[in-house]
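Data first, discussion second: the structure below is written as structure tokens.
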Amino acid sequence: MSENFSKERIVKNSLLLYVRMLFTMWLNLYATRLTLANLGIEDMGVYGVIGSIVSLFTVFTGGITSAVQRFITFELGLKDGQPNKVFCSSLNVIFILSGLMLVLLEVGGLWMLENKVNIPEASRSASFWVFQLSVLTCLVNLISIPYNALIIAHEKMNAFAVISIVQVVLNFLAAYSLSLFENNRLLLYAIMLAAASVLVRILYQIYCHRKFGEARYHREIDWDKIKAIGKFTGVSTISGVLSVMSGQGIIFIINWIFGVTINGVYIIALQLKNSILSFSQNILRAISPQIIKTCANNELELYKKLVCSGAKIGAFMLFFIMHPFLFRADYIMTLWLGNLPEYVVEFSKCIVFISLTYAIFEPIRTAVLATGKIMKFFLVPDLLYMIVLPISFIVGKLSSSPIYTIITIVSVEIIICMIRIYYATIVTPIKLQLFFKEVLIPCVMVFVLSYYVCLFLSKCLTKDFEGLVALVVYNSISLLGIIYMLGLTRSERSFLMLKIKKICNKL
């Protein structure tokens, strides 16, 4: 068996990432509550809209991130790979792109901010400087891409966990300290978040230079490597353009029809989605380097096993909080935010279902990236997803209800995700029959049975904090049994029991 594949390393990295997730999720959720209380829903919406403007001009960063991550990991997976050339070449090209992006943002971004965005007069003076700080944060994150890729490619999840915890703590302190100021809170919040991003960028660079020989910097650019990365990035960038046009277009449509208040509600729902997804994405971060490395060495059976197990277990992890949230959403959101803005519960319930589709989809996306056959997989679904803009606009105008708009957005998102999975089965060894057998059928069986168990528990327990804790505990216990019986294969159950026996023997 290849040295690139290690179940023990996956388990260790998953546990490290879960410890990180439990800590950061709580801080992120509480930081959102503090931000909402200290900024207000309007200023929170303004911050989200400004972030959307910056995102419109950074559409290629997602493609660069995927490309650099894939090629560095792929080179490490090869016996005679050259990861240092990929790292240095990528970093030097990113320096050039950062300068070009700065010019685009200062010209086009400012024009959009001043002419095309609905911002209250009270926040308009601060919006210029918030925009400038968002640009700084964006450029810092762009330069950090090769360093982050090195850490993940080497599967050093302990460092990734520690540094990301530092960033979450700094963001939390920024939200908490807003209460100490009476005026200019929106601007101060942007300053503190920008400072946190710069500090975290420095930490990533220091760690990589101390731990990885591949991080030795050279001014040279290997144009052969850049051409391969550029071709990959080109397709990813076109996909990113379409994704940003649709994703950020939704924010602008909500702004035009319903105003910044509903923008704030939508931003809160998206933050909840990211927090929920952290439950399932830990397993992806642990296995994605091994997916790419096994593909590089043509170990297709291990490759398929990693992808299917990752997709399935990612969905299972989401069920632990998805079901209790659906049955106690009002109470949980009140604990989180205090006074609830109108429509925030409805938006959050809908967003949970997008999280489920992403949990299943992300390992499959990594499998496609590993093969390099990304053209149809990215572009066709992204083109089809553009239909969400006119449909959501029409629904919003005709209904005058944000609820129908968010239902429309979620429905289109789920359909497009199914199309992406279909295209993935065309370009990878993971065929549709295998996906249905190993992923979809076990997930559906576990979802249906655990849903009704949680429904029964919800009706039996009280509607207070003790009842919520009991619901989470009892749902988790029952879900573990259901997953073991219906969700795992025989080999997965054997591996699980073996690890439990080892832990018991050590204790």
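Here are the numbers for this structure:
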quantity	calculated
Any hit, the stretch 341-359, residues being without any contact (Cβ under 8 Å) to a residue 40 or more places away in the chain and over 30 Å from Phe71 (Cβ atoms)	yes
Filtered residue count, the stretch 141-154, keeping only those that are open to solvent by 10 Å² or more (accessible area, probe 1.4 Å) and either farther than 20 Å from Leu369 by Cα or not in a helix (DSSP H, G or I) (or both)	3
Flag if Phe495 is open to solvent by 30 Å² or more (accessible area, probe 1.4 Å), of a type in the set (Phe, Trp, Tyr), in a helix (DSSP H, G or I) and at pLDDT below 85	yes
Which listed residue, of Tyr266, Tyr303, is under 26 Å from Pro363 (Cβ atoms), aromatic (Phe, Trp, Tyr) and out of contact with any Leu (no Cβ under 9 Å at 6 or more places or on another chain)	Tyr303
Meets criteria (under 30 Å from Thr462 (Cα atoms), open to solvent by less than 10 Å² (accessible area, probe 1.4 Å) and in contact (Cβ under 8 Å) with a residue 60 or more places away in the chain) for Phe316	yes
Pair list, Cβ < 6 Å and 6+ apart or interchain, from the stretch 219-231 residues that are touching a residue at least 40 places away in the same chain (Cβ under 8 Å) and closer than 11 Å to Ala67 by Cα to residues that are of a type in the set (A, V, I, L, M) and part of a loop (DSSP other than H, G, I, E, B)	none
Flag for Val412 being open to solvent by less than 70 Å² (accessible area, probe 1.4 Å), in contact with a helix residue (DSSP H, G or I) (Cβ under 8 Å, 6 or more places away or on another chain) and within 16 Å of Lys312 (Cα to Cα)	no
First in the stretch 322-334 and more than 15 Å from Leu461 (Cβ to Cβ), second anywhere and open to solvent by less than 30 Å² (accessible area, probe 1.4 Å) and at pLDDT below 85, Cβ under 6 Å, 6 or more apart	Met322/Val352
Residue that is farthest from Trp256 (Cα to Cα) [pool: residues in the stretch 368-392 that are of a type in the set (A, V, I, L, M, F, W, C), buried (at least 19 other Cβ atoms within 10 Å of the Cβ) and modelled with pLDDT of 85 or more]	Val368
Residue check, Gly264 crowded, with 19+ Cβ neighbours inside 10 Å, at pLDDT below 85 and over 30 Å from Ala370 (Cα atoms)	yes
Cross-chain or 6+ apart pairs with Cβ under 6 Å, the stretch 411-432 first and without any contact (Cβ under 8 Å) to a residue 24 or more places away in the chain, then exposed (fewer than 14 other Cβ atoms within 10 Å of the Cβ)	Thr425/Lys431; Thr425/Leu432
The one condition in (1) in a helix (DSSP H, G or I); (2) open to solvent by 30 Å² or more (accessible area, probe 1.4 Å); (3) not aliphatic (A, V, I, L, M) that Cys138 fails to fulfil	(2)
Some residue of the stretch 340-348 being within 30 Å of Pro442 (Cβ to Cβ) and open to solvent by less than 50 Å² (accessible area, probe 1.4 Å)	yes
Residue count, the stretch 1-41 (criterion: charged (D, E, K, R) and at pLDDT 75 or above)	1
Test: residue in the stretch 175-183 that is of a type outside the set (D, E, K, R), more than 21 Å from the chain's Cα centre (by Cα) and assigned to a loop (DSSP other than H, G, I, E, B)	yes
Filtered residues of the stretch 459-483 (kept if over 14 Å from Phe320 (Cα atoms) and not aliphatic (A, V, I, L, M))	Lys459, Cys460, Thr462, Lys463, Asp464, Phe465, Glu466, Gly467
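Let's see how each residue does on (1) modelled with pLDDT of 80 or more; (2) surrounded by 23 or more Cβ atoms within 10 Å (Cβ to Cβ):
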{"residue": "Ser243", "(1), (2)": "no, no"}
{"residue": "Phe252", "(1), (2)": "yes, no"}
{"residue": "Val260", "(1), (2)": "no, yes"}
{"residue": "Ile268", "(1), (2)": "yes, yes"}
{"residue": "Ile276", "(1), (2)": "no, yes"}
{"residue": "Ile283", "(1), (2)": "no, yes"}
{"residue": "Ala286", "(1), (2)": "no, yes"}
{"residue": "Ile291", "(1), (2)": "yes, yes"}
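The values are calculated or read from the model by the stated rules, or taken from the named source; none is laboratory data. Just so you know, these numbers come straight off a predicted model, no measurement behind them. Positions of Cβ are generated from backbone atoms using ideal geometry, with glycine treated the same way; all protein chains shown enter the neighbour counts. Calculation scope for accessible area: heavy atoms of the full protein, side chains included, ligands and nucleic acids excluded. Shrake-Rupley method; radii C 1.70, N 1.55, O 1.52, S 1.80 Å.
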